[in-house]
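Notes follow the structure.
Rule-based calculations on the coordinates, nothing more; no lab input. As the structure is a computational prediction, the values presented were derived from the model and not from experiment. We place every Cβ from the backbone using ideal geometry, glycine too, and count neighbours over all the protein chains shown.
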Amino acid sequence: MFMARVKGNVTAPAKHPTLRGRLLIIQPIDPIDRKETGIAQVAVDTLGAGMNSVVMATSDGRVVQEMLKAADDCPARLAVVAIVDAADASVAPATRAAGAK
Amino acid sequence: MIIAKVVGKVVATVKDAGFEGKKLVVAHAHVIKDGQLVPGQNMIIANDELGAGEGDIVLITQGSSARIAPGMKACATDAVVIALIDRIDSDGRPVFSKA
């Protein structure tokens, strides 16, 4: 799973019938320093996450199908599975340049 | 599967039912480069039932196979800690060994 901030929502009157939950725009963020990482994506939300709230998302397609009770014909792949209260790190992450010495 | 260092934890009250009573850790992916275990780019959140402590080096499986780990069938997870790593060797040399 990854952590993200809710940035907006998507309304689509014409959409795949299984997309019953709300569609939110979520911006992946670093769980510790909350900096934006990666590109914003659209996720299905059945928990009612509010604007700017910090959520945890899963990218497992089977999960979204189960959340939307949509057997196996649901094309969605990203879903909000938790609204995060707190995330902390007692171990400061080392410098993060890929393959830094 | 990836090697990662557990660096923190996540607390969430409002969550998908399958996460009830499940521990969530923040893990920093690590890579082996020039015979050394060095930090990578990604931070991921994973379920942990093995009691990984912060600072531990662990093995994480991702995707739908994560739910095959014990106790994860009903949990909407895509990343689970499946091993606490004691030692890693690469090219015949130790890269990591638990103190």
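Quick look at the numbers
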read-out: For the stretch A:58-63, 3J(HN,Hα) per residue [Karplus equation, 6.51 cos²θ - 1.76 cosθ + 1.60, θ = phi - 60°, Hz, x = Gly/Pro]; value: 10, 10, 8, x, 4, 4
read-out: Theoretical ellipticity at 222 nm over chain A - DSSP helices of four or more residues, -39500 (n - 2.57) apiece, nearest 500; value: -1500 deg cm²/dmol
read-out: Estimated vicinal HN-Hα couplings, Hz - the stretch A:67-83 in sequence order (Karplus 6.51, -1.76, 1.60; Gly, Pro = x); value: 4, 9, 6, 10, 6, 10, 10, 9, x, 6, 10, 10, 9, 7, 10, 7, 9
read-out: Peptide-level mean, for B:77-88, of C-beta atoms on other protein chains within 10 Å; value: 2
read-out: Average beta carbon contacts from partner chains per residue of B:2-11, 10 Å cutoff; value: 5
read-out: Ratio of Rg to Rh over chain B (Cα coordinates, Kirkwood Rh, two decimals); value: 1.00
read-out: Highest average packing first - B:59-72, A:11-24, Cβ atoms within 10 Å; value: B:59-72, A:11-24
